[in-house]
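The values are calculated or read from the model by the stated rules, or taken from the named source; none is laboratory data. Please read all numbers here as calculations on a predicted model, not as lab measurements. Note that we place each Cβ from the backbone using ideal geometry, even for glycine, and neighbour counts take in every protein chain shown. For the accessible areas, the whole protein counts, side chains as well, though only heavy atoms, and no ligand, DNA or RNA atoms are used. Shrake-Rupley method; radii C 1.70, N 1.55, O 1.52, S 1.80 Å.
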Amino acid sequence: MILLGIETSCDETAAALVKDGTTILSSVVSSQIHVHHPYGGVVPELASRKHIEAIVPVVDQAMEEAGIPKSRIDGIAVTQGPGLVGALLVGFSFAKAYAYSQEIPWIGVDHLDGHVNSVFLETDPPPFPYVVLLASGGHTAIYFVRDYIDIELMGQTRDDAAGEAFDKVSNMLELGYPGGPLIGRMAEKGNPNRIKFPRAYLTKSDFDFSFSGIKTAVNRYIQTHPDSYHAQIPDIVAGFQEAVVDVLSFKIIQAAQVKKCEHIAMVGGVAANGRLREKVSKAAKQKGIETHIPSIQLCGDNAAMIAAVGYHHLRKGRVSGWDDDVYSRKRNS
Ligand code: KG4
Ligand code: ZN
């Protein structure tokens, strides 16, 4: 079964062709970073307009790169939510119209289920059941995964997402948007142990997160060192990153132990972070747990992961209706 995946939930217009939920035939991601960069974050109205401009060329490019004519597509999977409503509507309406005109089935899927399923596009996916840490710009959560679409929430952030904390700290230090990759690179030049920022484990036995305290602590450090903080930016971001990574790695390994899983996964934009990948893999190995992390391109938003999860719904005969609509907030909060 060859599916066309479409993703427009935030600031990436993406289309992909995926065979049987595992093999990527093409994956095109058109980023709007340059559009939002001057504002230090995503401007929803601009995002919607850019999706409208990009959606047709991006889908055409995905078809061309895969060498697949329209007639070979068996169905469409599209992100239904959560995300920016105006942005989601562009992809969702496109998918609906496309499915109608081609008389093929279509399914709206959850963006977070997409991230969780991104590991199945790699050659070494985890066996079921496993626990997964999803850390992105809008969400930070741990799930227990029994099957591709049987995904149980174990805990989530009570305030900021991990990626959001990276973006906000980057903004405070005027490093640019998105903050994650910039901080990741800058942190390599700093000492992670010189400035200690708080680690919010909340209770050590649950899997909820809080990242607003650490963000405030970085802000306070900047305020109390107005003349010297500029020269300390590498140490500040290295200390900040280390605190976030410590909490994320502690919780995912704890979750694996509670669920007696020998396999964990990490997905979402923040899973591209080099220090997080290194620390979690090492800590897990010491406990006899194997870590599965997608390649960097599959950590960020893409449409291949949407097609991957859509495949499992369509295979079970689930399809969306013509009057279905998008949703902005996650369903299981
Ligand atoms: O999954 P994603 O592409 O979009 C959402 O669904 O939110 O994640 C984007 C987030 C941004 O907050 C970005 O700063 C963060 O992922 N990010 C990183 C890195 N690369 C992207 N955070 C830390 N280190 C990175 N290398
Ligand atoms: Zn995402």
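Numbers below:
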| read-out | value |
| --- | --- |
| The listed residue being hydroxyl-bearing (S, T, Y) and either touching an Asp or Glu at 6+ places or on another chain (Cβ under 9 Å) or open to solvent by less than 30 Å² (accessible area, probe 1.4 Å) (or both), out of Y221, Y229, Y177 | Y177 |
| Matching residues, the stretch 99-119, being open to solvent by 20 Å² or more (accessible area, probe 1.4 Å), assigned to a helix (DSSP H, G or I) and more than 14 Å from ligand 1 (Cβ to nearest atom) | Y100, S101, Q102 |
| Residues located in the stretch 76-108, provided they are β-branched (V, I, T) and within 20 Å of A54 (Cβ to Cβ) | I76, V78, T79, V85, V90 |
| Per-region count, the stretch 187-200, residues under 24 Å from the mean Cα position of the chain (by Cα) and open to solvent by 50 Å² or more (accessible area, probe 1.4 Å) | 2 |
| Those residues of the stretch 133-174 which are within 11 Å of ligand 1 (Cβ to nearest atom) and either open to solvent by 20 Å² or more (accessible area, probe 1.4 Å) or in a loop (DSSP other than H, G, I, E, B) (or both), in sequence order | S136, G137, G138, H139, D160, A161, E164, D167, K168, N171 |
| Matching residues in the stretch 201-214 - criterion: being assigned to a helix (DSSP H, G or I) and either surrounded by fewer than 21 Cβ atoms within 10 Å (Cβ to Cβ) or not assigned by TED's automatic domain parsing to the domain that holds G274 (or both) | S212, G213 |
| Of the criteria (1) in a helix (DSSP H, G or I); (2) touching a residue at least 24 places away in the same chain (Cβ under 8 Å); (3) open to solvent by 20 Å² or more (accessible area, probe 1.4 Å); (4) more than 28 Å from A15 (Cα to Cα), which one G288 fails | (1) |
| Residues of the stretch 307-330 classified as in contact with a Leu (Cβ under 9 Å, 6 or more places away or on another chain) and either surrounded by fewer than 17 Cβ atoms within 10 Å (Cβ to Cβ) or modelled with pLDDT of 95 or more (or both), total | 9 |
| Answer residue from the stretch 120-174, given it is among the charged types (D, E, K, R) and touching a helix residue (DSSP H, G or I) at 6+ places or on another chain (Cβ under 6 Å) and is farthest from C10 (Cα to Cα) among those | D159 |
| Residue within the stretch 209-229 that is charged (D, E, K, R), under 25 Å from P38 (Cα atoms) and touching a residue at least 40 places away in the same chain (Cβ under 8 Å) present | yes |
